[in-house]
Each structure stands twice: as structure tokens, then as C-alpha cells.
Amino acid sequence: MAYARVIVSALRRGGIAPDTALKVAQITPSELQKARGRISALQMEWLSGAAMQALDDEALGAYNRRLPWGSYGMLARASLSAPDLGRAIQRWCRHHGLITDDIRLRLITQGTSAAIVVDEESRHTALDADRREFSLVHVLRNILGLSSWFIDSRIPLQGASFPYASPPHAAAYRHMFPGPLRFGTERAEVRFDARYLALPLRRDEQALGQMLQRALPLTVRQYRRDRLLVQQVRQVLATQAQAAHDAEGIAALLNLSARTLHRQLKDEGASLQQLKDEVRSARARELLQRSARPVKQVAADVGFRNEKSFIRAFRGWTGTSPADYRRRLQA
């Protein structure tokens, strides 16, 4: 509800009574004033849409000048022809700087991580705390939602940082920015696996036209599908075998729930057991071939809690025991 109050304040600053927008969103004046009040994603969509059109400002008064209705659609259209997500985001950030100079967005990569960073001008940092917070949350959710739509994939966050103290409604951030959160940092940014930047865009002009008829859900709802999840699970299984011995451990390392992990793998036509078998089998055969480690140690290295379970699984993968497999290689 804190964000609803920011939107209502924007309407009032624009000389517009908020009654119509609140009615559209089915929010009563008494509910609006509740310190710990909550609204649904759909109510947020209704309220934002009504206020943006009433103000003719898609930034809801966050910047020095209005962003007329259709501004973010224009940015999306200008990025649509990019060959991959990385260049689409770079183009979007550059064009956002053409329509407002209150903030600047940049895409940076550091090793295997990528980050979308927001640099604020002094007039933006001088905004009242609630308005500034809403503005940063709004623009980052916008580009994250659009990026996911471009590649038809959820983009799990490795972390999100914000340059203000943790707000009273900080619990809502886990829905908007799932993953590790930090407050009181130097700048606002979101970080994610840089491999997503290489994914090609999967949308065309027709799909964009349909999306823009109801674009706001992208800013408030998380994408379900994750096109890199299978690769990420394989990497975790290969590099963190001890911590990834069960679904809960793997899910925690990927900032997911175990239920979400299983559901998204199913959407990708894979299963956790299948991936575990693939990675463990390949790693076990490599260790048996290239090292003299005892079978018990190999079992531990590939994530098994005891040697008997490993031998049984290895027979299922190869039709032979680890010891016989090694002897055949040495023969």
C-alpha cells in the first residue's frame, strides 16, 4: 500500500483527484491509509494504469519532465531488433537517457555476472524518500520484466541493491526482486548470470503490439519459465556437489523453493534426478579414469553420502561397478 500512496501523491501533485483511480483499483480511502496495508498485483496494475493515463506520465511524476503515455512502449520497440538480450538492454538504457536525464541506466559485466546499474542525478536523490524509492523500484522492475519477455525466460537475480535504508515494507521486495537483498548501498542495481545476455530475442513486432495492450503485468509479476535453469542446475551439481545433494540444497543455491525448482525443470522437459545422474555419472567416470582416488572418496566427491549408494547408482549408469570400470580402463 505504500506504493499506492506514492501514486496517489503523484496524482495530487498533478492537480488530479485520485478518487477515480482508486475506484478503478478497488482501493477505499480507509484502506489507503493503513500502515501495513497490502494490495494485489492486479490492483497495482489497475492503479498504475489509471494514474499514468490521467497524468499522461508513465514515470508517475518521478522525473523532471513527464514520460508521455507510450514512452516505455517506444523504448521496447527500439530494442526489439537487437540480436541478443545484452544489446537490447544496452539499447534500452541508452534510449532511456534520451527521454529523461534524472537517472542513467548502464549494463555492466564482471566475470560471469551482469548488472543493470542506476546512476542518479542530484535532483533525483533530493526527492522525498517514498517517491525516490518507488521510482527506482519501478524502473528496475520495468527493464527486468521487459528483458524476461524479450527472451521468454525468467531471469533469476544473484542480488539487488538499493541506496536507502530498508523500508517498513521490505518484505514486499522478495516478490519483486527474489534473491539476496542489500539496502544502504551506493547505488541501485540488480545482478544476474551474464549468460542470459547471449540469449536471442524471441519476440516480433506482432507480439510486441499484443504485449503493449497490457504491459503493466510485466512490472509486477515474475516470469515462470527459465531457459537457463537446466544449465544452472548442472553447474551447481558439478561445482558444489556437497551442498547440492538434494532438491532443497540445489534450490537454496539458486534462490528458489524446491517446489519451484521441480516445476520449472518440468517446464523445460527435464527432471532433477535426470540431471543429477548425468552430472554425477560424467564426474565419476572422469575421476575413476584420471585419478587413483579410492571409490569411497569418488563417491563423496560426486555427492553421495555413502559408498554403497554410489556403487548401486554407478551400476545403473554403466552396467558395471566402479572398480570393474577402472580395471577395464587400465587393462
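The values are calculated or read from the model by the stated rules, or taken from the named source; none is laboratory data. Note that the structure is predicted; figures quoted are calculated from it, not measured. Because the Cβ atoms are built from the backbone with ideal geometry, glycine has one as well, and the counts that use them run over all protein chains shown.
Among the residues of the stretch 200-213, write down those that are under 20 Å from the mean Cα position of the chain (by Cα) and either part of a loop (DSSP other than H, G, I, E, B) or assigned by TED's automatic domain parsing to the domain that holds Ser48 (or both). Matches in the stretch 200-213: Pro200, Leu201, Arg202, Arg203. For the residues Ala299, Ala292, the requirement of being closer than 26 Å to Glu248 by Cα and assigned by TED's automatic domain parsing to the domain that holds Ala244 singles out Ala299.
Run down Ala188, Ala126 and say which single residue is free of Cβ contacts under 8 Å to residues at least 60 places away in the same chain and either over 10 Å from the mean Cα position of the chain (by Cα) or not assigned by TED's automatic domain parsing to the domain that holds Leu253 (or both).
Working: Ala188 fails: free of Cβ contacts under 8 Å to residues at least 60 places away in the same chain.
Testing whether each residue is free of Cβ contacts under 8 Å to residues at least 60 places away in the same chain and either over 10 Å from the mean Cα position of the chain (by Cα) or not assigned by TED's automatic domain parsing to the domain that holds Leu253 (or both) leaves just Ala126.
Helices (runs of 4 or more DSSP H) fully within the stretch 1-44 that include at least 1 residues being surrounded by fewer than 19 Cβ atoms within 10 Å (Cβ to Cβ) and among the acidic types (Asp, Glu): 19-24, 29-32.
Yes or no, residue by residue, for (1) under 19 Å from Cys93 (Cβ atoms); (2) in contact with a helix residue (DSSP H, G or I) (Cβ under 6 Å, 6 or more places away or on another chain); (3) surrounded by fewer than 16 Cβ atoms within 10 Å (Cβ to Cβ):
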site: Asn142; (1), (2), (3): yes, yes, no
site: Ser148; (1), (2), (3): yes, no, no
site: Arg182; (1), (2), (3): no, no, yes
site: Leu212; (1), (2), (3): no, yes, yes
site: Gln232; (1), (2), (3): no, no, no
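Close Cβ contacts (under 6 Å, 6 or more residues apart or on different chains) running from residues in the stretch 72-91 that are in the same structural domain as Gly209 (by TED's automatic domain parsing) to residues that are surrounded by 15 or more Cβ atoms within 10 Å (Cβ to Cβ) and among the β-branched types (Val, Ile, Thr) comprise Leu85/Ile151. The residue of the stretch 294-331 that is farthest from the chain's Cα centre (by Cα), among those that are under 19 Å from Gln240 (Cα atoms) and assigned to a loop (DSSP other than H, G, I, E, B), is Asn306. Just one of the listed residues (Ala82, Ala54) is at pLDDT 95 or above, more than 28 Å from Ala126 (Cβ to Cβ) and of a type in the set (A, V, I, L, M), namely Ala82.
A single entry from Ser161, Ser148 fulfils the requirement of being at pLDDT 95 or above and closer than 25 Å to Leu253 by Cβ: Ser161. Screening Tyr164 with (1) in contact with a helix residue (DSSP H, G or I) (Cβ under 7 Å, 6 or more places away or on another chain); (2) of a type outside the set (Lys, Arg); (3) touching a residue at least 60 places away in the same chain (Cβ under 8 Å); (4) not in a helix (DSSP H, G or I) gives one miss only, at (3). Would you confirm whether any residue within the stretch 200-207 is crowded, with 17+ Cβ neighbours inside 10 Å, under 27 Å from Gly70 (Cα atoms) and touching a Gly at 6+ places or on another chain (Cβ under 6 Å)? Within the stretch 200-207 (the criterion being crowded, with 17+ Cβ neighbours inside 10 Å, under 27 Å from Gly70 (Cα atoms) and touching a Gly at 6+ places or on another chain (Cβ under 6 Å)), the answer is no, since none of the residues qualifies.
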